[in-house]
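Inspection log for the structure reproduced underneath, given as structure tokens.
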Amino acid sequence: MIESASISYDVRCPMHGSIPLNERERKIIDNPYYQRLRFISQLGFSALVYPGATHSRFSHGLGVMHLAGKIFDHIISSAPDLRRHLSRAGQLDYWRQIVRFAGLLHDSGHLPFSHAYEPLLPKREGLSLPLQWYRQPSPQEQASHEDFSVAVVHALAQESPPLLSMEEARDVSALINGNITPHSFAGGRGDGDEFNILPLLKQIISGEIDADRMDYLRRDAYFAGVSYGYFDLDRLVQALGYVPSPSGLLMTLDENALYTYENFLMTRFHMTMQVYLHKTVLLFNHYLHRAVQEGEIECNLESNMDSFLQAREDSIMARLYEARDRRWASRIVHRNPFSRLAQFKGGAEQEDRERILAALREADIETIHIREERTLSNLGEGEEGQVPAIQVREERLGRTSWGPLHEKSVLLDRYNQIFVIENIYCPPEDYQRGMDILRSLPPRV
């Protein structure tokens, strides 16, 4: 039996002020699976560039939980028909709690140094995952941090006493991971039911305008000490609503808030280019990959959830210090970066990149070539396992109509593409020689 959540607590947050918690949320936060996030930084190696950016996934999860509940409350308060339907079905309190749990736990599976560990993750079959929850289990595929989050949520339902019912755990997981099917719960849940709330809740947690992005953009900018992350959070939340569709409820954005949304989009673009893809961050991520791949430090995440609890940045740094006489660990511990010789942004510059790499190899200059691809939007078209597109609400001649956000926003249409960033680095002692080689190359015709 899962106990009542009536007792209330408060946590202070530099971004949102006072965040109220109930007893069930507090117990999950106090659990070792969530406490581990105190030792997982939000921005990984970014603190090497932005010294204030030492905030954790722990505080980010609290912020996303708060915003997810705030968005849910706003949409429900402005939609009496939906509120009545959920209340009659006994689902209003249930879904509010589920969306807050999903906000709290959405990043619970993150590994040390933010996304730096993603290429090092094991196959799904090596994790304690409820594969029966998956639409396509694919146990031989590489796990993602979302898979680890599902493993955490499932483990919380197996605690004694359980912190989540197994049905709640599956519904929370369905909001975190698009490959998870929700629990079969009566009323307002099936495909073809216009009051199926799952698509809307997925958009609140992981969509084009979601609680995750709202929190991390402002939080990351605040702690990094940059101004790129400012957007009108309150206006954006107040402009959200819903519309019924054959696949269920879809999030809507008021037409008058399109400029607010586009500012939000530009904020994400600037933070991505200036902070998340900073040349030094990408380089130290590479160092960590090489240290693990070449056996300088051990990283075993496949045995059980106990090994996952040990996957903290303090324990990884301790291993790096023990290996500080090794090639890659030494560069991390002593903050000894290569120097960037050139940067490319894909497309027509590919020929230049190949010419430069060939010339540097011929001169026997060691190089590190890092290529990153990113997208700024998650439009989705309602395909299985994906988040549907947000609908823009328009008023024309006393009539209300809706259209997909990517058809209404000029900026979203412009930035709905894959961004490619490529950097070429060399040892500092070879930098001047490398630059001389670059200058000596004939221009491309």
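The values are calculated or read from the model by the stated rules, or taken from the named source; none is laboratory data. Please read all numbers here as calculations on a predicted model, not as lab measurements. Virtual Cβ from ideal backbone geometry, glycine too; neighbours counted across all protein chains shown. Protein only, heavy atoms only, side chains kept; ligands, DNA and RNA dropped before computing areas. Shrake-Rupley method; radii C 1.70, N 1.55, O 1.52, S 1.80 Å.
Residue-level check: of (1) outside any helix (DSSP H, G or I); (2) buried (at least 20 other Cβ atoms within 10 Å of the Cβ), Ile71 misses just (1). The one condition from (1) touching a Lys or Arg at 6+ places or on another chain (Cβ under 9 Å); (2) closer than 14 Å to Phe148 by Cα that Tyr117 does not meet is (1). Restricting attention to segment 43-68 and to residues that are in a loop (DSSP other than H, G, I, E, B) and of a type in the set (A, V, I, L, M), the residue that is farthest from Gln238 (Cα to Cα) turns out to be Val49. Looking across segment 397-445 at every residue that is among the aromatic types (Phe, Trp, Tyr) and touching a helix residue (DSSP H, G or I) at 6+ places or on another chain (Cβ under 7 Å), the one that is least open to solvent (accessible area, probe 1.4 Å) is identified as Tyr425. Taking the condition of being in a loop (DSSP other than H, G, I, E, B), closer than 16 Å to Ile176 by Cβ and among the polar types (S, T, N, Q), how many residues in segment 137-149 meet it? Qualifying residue count, segment 137-149: 1. Sub-7 Å Cβ pairs linking a first residue in segment 40-56 that is free of Cβ contacts under 8 Å to residues at least 12 places away in the same chain and crowded, with 17+ Cβ neighbours inside 10 Å to a second residue that is in a loop (DSSP other than H, G, I, E, B) and not β-branched (Val, Ile, Thr), at least 6 apart or interchain, are Ala47/Ala53, ordered by first then second residue.
Within segment 133-183, the set of residues being open to solvent by 20 Å² or more (accessible area, probe 1.4 Å) and in contact with a Pro (Cβ under 7 Å, 6 or more places away or on another chain) comprises His154, Arg170. Counting only helices (runs of 4 or more DSSP H) that fall entirely inside segment 287-335 and contain at least 2 residues that are open to solvent by less than 50 Å² (accessible area, probe 1.4 Å) and within 29 Å of Cys426 (Cβ to Cβ), the qualifying elements are 313-322, 327-333. Within segment 59-74, residues that are farther than 17 Å from Glu208 by Cα have Cβ atoms under 8 Å from residues that are open to solvent by 30 Å² or more (accessible area, probe 1.4 Å) and of a type in the set (A, V, I, L, M, F, W, C) in these pairs: Leu62/Val11; Gly63/Met15, counting only partners at least 6 apart in sequence or on another chain. Sort out which residues of segment 274-284 are open to solvent by less than 30 Å² (accessible area, probe 1.4 Å) and in a helix (DSSP H, G or I), and write them in order of number. Those that are open to solvent by less than 30 Å² (accessible area, probe 1.4 Å) and in a helix (DSSP H, G or I): Val275, Thr280, Val281, Leu282, Leu283, Phe284. Between a first residue in segment 215-233 that is β-branched (Val, Ile, Thr) and a second residue that is part of a helix (DSSP H, G or I) and open to solvent by 40 Å² or more (accessible area, probe 1.4 Å), which pairs have beta carbons less than 9 Å apart while being 6 or more apart in sequence or on different chains? Between residues of segment 215-233 that are β-branched (Val, Ile, Thr) and residues that are part of a helix (DSSP H, G or I) and open to solvent by 40 Å² or more (accessible area, probe 1.4 Å), the close pairs are Val226/His270; Val226/Gln274.
The numbered conditions (1) at pLDDT below 95; (2) in contact with a helix residue (DSSP H, G or I) (Cβ under 6 Å, 6 or more places away or on another chain) are all true for Met266 except (2). Within segment 234-255, residues that are touching a residue at least 24 places away in the same chain (Cβ under 8 Å) and assigned to a strand (DSSP E or B) reach partners that are surrounded by fewer than 16 Cβ atoms within 10 Å (Cβ to Cβ) and among the charged types (D, E, K, R) with beta carbons closer than 8 Å, at six or more positions or on different chains, in the pairs Pro244/Glu194; Ser245/Glu194; Gly248/Asp191; Gly248/Glu194; Leu249/Glu194. Against the definition (of a type in the set (Val, Ile, Thr), surrounded by fewer than 19 Cβ atoms within 10 Å (Cβ to Cβ), within 27 Å of His115 (Cβ to Cβ) and touching a residue at least 24 places away in the same chain (Cβ under 8 Å)), how does Thr267 come out, yes or no? Criteria not met by Thr267.
On the stretch given as segment 202-233, residues that are in a helix (DSSP H, G or I), open to solvent by 10 Å² or more (accessible area, probe 1.4 Å) and at pLDDT below 95 total 1. Residues that are farther than 20 Å from Phe284 by Cβ and under 30 Å from the mean Cα position of the chain (by Cα) were ranked within segment 349-373; the one that is most open to solvent (accessible area, probe 1.4 Å) is Gln350.
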